[in-house]
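> Got a structure for you, written out below as structure tokens; questions coming shortly.
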Amino acid sequence: MAISATISSRYGGSFLQQNLDHFKISVQTIPRSQNIRMIVPKKINPASHVANSSALEATQVQEKKPLSLDSPFPDFRFDEYMNTKAISVNKALDDAIPLQEPIKIHEAMRYSLLAGGKRVRPMLCIASCELVGGDESLAMPMACALEMIHTMSLIHDDLPCMDNDDLRRGKPTNHKVYGEETAVLAGDALLSLAFEHVAAKTGNVQASRVVRAIAELASSVGSQGLVAGQIVDLSSEGEQVDLNHLEYIHVHKTSKLLEAAVVCGAIMGGANEAEIERMRNYAKCIGLLFQVVDDILDVTKSSEELGKTAGKDLATDKATYPKLMGLERAKKFADELVAMATEELSHFDAVKAAPLYHLANYIAYRQN
């Protein structure tokens, strides 16, 4: 039986369908700027939808200083924050993989890992840790691990047996420089190093929290995470794909690792269960948002602007949000996801939440 005929019953309904009533939002027009003053959707009772949390925990979240319709977004130097965190993350990544024997494999690992990129996942991890009272040092090993795993997924995704791409982050893909065999091994090495790095380098965090975060990270990559999205994507080639099907692919292939970034940062920072659940909801929204925007950019930007091959999905007749929904509806869907993410953060202290508010809008309105 075709996957498209069974996807809804097998994998459940659409994330948006399941959550629109849950979030009770009224979507507003959101200015497309990184330095905006956000208007937060109507708040909901935090105790009404926080899973596995006590009434006390829910109250602790509610008693912080949230944004409201009468409280403008606090001033925040987002570009400065991004630059500062990127410098810290890049240094930590450089230190994590010294150039050593065997030279070729470490060169290949460093080539893709240090090739640039927005470092969105590490920044989400660090910002989430800081939101709940932790500091950058507690989250940095996990932040590096997330970027290692993300880079692994890009190396493998670009291989001829997968998406067969020649350009990544404005440079030739790993297998084009080092060969397919080395590219596969470089990805494998980055994956294993990610977990070693978290276990060996995390300090001043309770062991139980480190173990929980490692389990969260592993789940996001495996057969219920990234791998699930990739295998369903591959199995869907030539199929008629509906929105539920497409959403399943991207929730797993893209969103799960972004979700892990936020949740693992919260765990490392000492978040309680109510806070973790709110941040997980936020992450699910921005995770799907990331892919919706990616699909939009693929049909509206050039290869030079993107740093990767543009129009590839259209050329291969691959299912995307603009293809199934239309470009304007896809843009509206992106706005809806930003609003839902904002609703979850509105229950936290506005100043501490500022980086995550801006990161959501950065993801929504990025140009590459």
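The values are calculated or read from the model by the stated rules, or taken from the named source; none is laboratory data. Everything numeric here is computed off the predicted structure, so don't read it as measured data. Note that we place each Cβ from the backbone using ideal geometry, even for glycine, and neighbour counts take in every protein chain shown. In case anyone asks, the SASA skips ligands and DNA or RNA and just uses the protein heavy atoms, side chains included. Shrake-Rupley method; radii C 1.70, N 1.55, O 1.52, S 1.80 Å.
> Under a 5 Å amide H to amide H cut-off, with H placed in plane at 1.01 Å, what residues pair with Leu167 once short-range neighbours are removed?
Thr173, Thr309
> Calculate one ³J(HN,Hα) per residue across the range 282-292 by plugging θ = phi - 60° into the Karplus curve 6.51 cos²θ - 1.76 cosθ + 1.60, and present them in order as whole Hz with x for glycine and proline.
Working through the residues one at a time gives 4, 5, 4, 5, 6, x, 5, 4, 4, 6, 4 Hz.
> Which length gain, in nm to one decimal place, applies between Glu237 and Glu273 when the Cα-Cα distance is subtracted from 0.36 nm times their residue separation?
9.0 nm
> Further, regarding this structure: Probe radius 1.4 Å, ligands and nucleic acids ignored: give me the carbon and sulfur share of the accessible area of the range 209-264 as a rounded percent.
55
> Here is a follow-up. Where in the range 156-184 does the amide nitrogen come within less than 18 Å of the point 7 Å from the Cα of Ile105, taken along Cα to Cβ?
156, 174-175, 178-184
> Next question, about the same structure. What's the whole-number percent of alpha carbon pairs in the range 89-201 lying beyond 24 angstrom?
Pairs farther apart than 24 Å: 24 percent.
> Next question, about the same structure. I'd like the Karplus ³J(HN,Hα) series for the range 213-222: coefficients 6.51, -1.76, 1.60, θ = phi - 60°, whole numbers in Hz, and an x wherever there's a Gly or Pro.
5, 4, 4, 4, 5, 4, 4, 5, 9, x
> Could you please state how large a percent of the accessible area of the range 71-153 is carbon and sulfur, counting protein chains only and using a 1.4 Å probe?
52
> On average, how much accessible surface per residue is there in the range 212-306, in Å², for a 1.4 Å probe, leaving out ligands, DNA and RNA?
Accessible surface, normalised per residue, equals 31 Å².
> Karplus couplings for the range 346-361 from phi (6.51 cos²θ - 1.76 cosθ + 1.60, θ = phi - 60°), rounded to Hz, Gly and Pro as x?
Here the 3J(HN,Hα) series is 5, 8, 9, 4, 5, 5, 5, 7, 3, x, 6, 4, 5, 5, 4, 6 Hz.
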